[in-house]
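Quick notes on the structure that follows.
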Ligand SMILES: [Zn+2]
């Protein structure tokens with residue numbers, strides 16, 4: 001188990017500002033091939049680098065996706081669990097499945113937890129976080 005590296009914390013602060021309590025974030029490896037978040041704990045798949053900030057843009061965007069889940073848990077834990085259950089019960093869990101699809105036009109408040117995380121992930125890659133609560137976070 002580890003904390004965010006200085007580079008990861010800088011990446012996170014650049015997007016989320018003070019919206020996430022980064023001191024509470026912990027990362028731990030687990031044997032599953034996908035990441036998962038529970039509260040402020042991010043489970044890393046075996047291939048994840050020791051410092052995601054040093055990895056390519058897709059991997060850094062992936063960390064921002066997972067940190068969006070941390071933000072959801074830290075700010076709206078009941079909504080997050082309910083939304084999680086909703087995704088599980090409506091078409092399954094995993095990239096490409098219906099619960100992850102993001103329409104071309106969307107309203108942040110109407111997105112489920114995975115769609116919000118994808119909006120941040122893809123928005124950061126495209127340098128456009130418009131419509132997310134973190135729109136000012138493009139340094
Ligand atoms: Zn996710």
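None of the figures in this text is laboratory data; all of them are computed from the coordinates on show. Since the model is a prediction, treat every value here as computed from it, not as a measurement. All Cβ positions, even for glycine, are placed from backbone atoms using ideal geometry, and neighbour counts span all protein chains on display.
Taken along the Cα-to-beta-carbon direction at a fixed 7 Å, the label points for residue 102 and residue 78 span 2.8 nm. From the Cα gyration tensor of region 82-139, with a ≥ b ≥ c the square roots of its eigenvalues, which class applies: rounded if a/c is under 1.5, or else prolate if a/b is larger than b/c, or else oblate? Prolate, since a/c reaches 1.5 and a/b exceeds b/c. Full extension of the chain segment joining residue 24 with residue 93 gains 22.2 nm, where the gain is 0.36 nm per residue of separation less the Cα-Cα distance.
Residue-normalised convex hull volume from the C-alpha trace of region 45-93: 95 Å³ per residue.
Let me make sure I get this right: for region 6-125, a, b and c are the square roots of the gyration tensor eigenvalues over alpha carbons, sorted descending. Under 1.5 in a/c it's rounded, otherwise prolate if a/b > b/c, else oblate. Which is it? Because its axes are fairly even, with a/c under 1.5, region 6-125 counts as rounded. With the gyration tensor restricted to C-alpha atoms of region 1-74, the semi-axes of the equivalent ellipsoid amount to 17, 14, 11 Å, longest first. Its DSSP H runs of at least 4 residues, each contributing -39,500 (n - 2.57), put the calculated 222 nm mean residue ellipticity of the chain at -13000 deg cm²/dmol, to the nearest 500. At an R0 of 22 angstrom, the distance between the Cβ atoms of residue 1 and residue 32 translates into a FRET efficiency of 0.85.
Sort 73, 34 so the one with the fewest other Cβ atoms within 10 Å of its own Cβ comes first.
Taking fewest neighbouring Cβ atoms as first place, the list is 34, 73.
Largest GNM mean-square fluctuation among 13, 61, 103, using the chain with Cα springs under 10 Å: 103.
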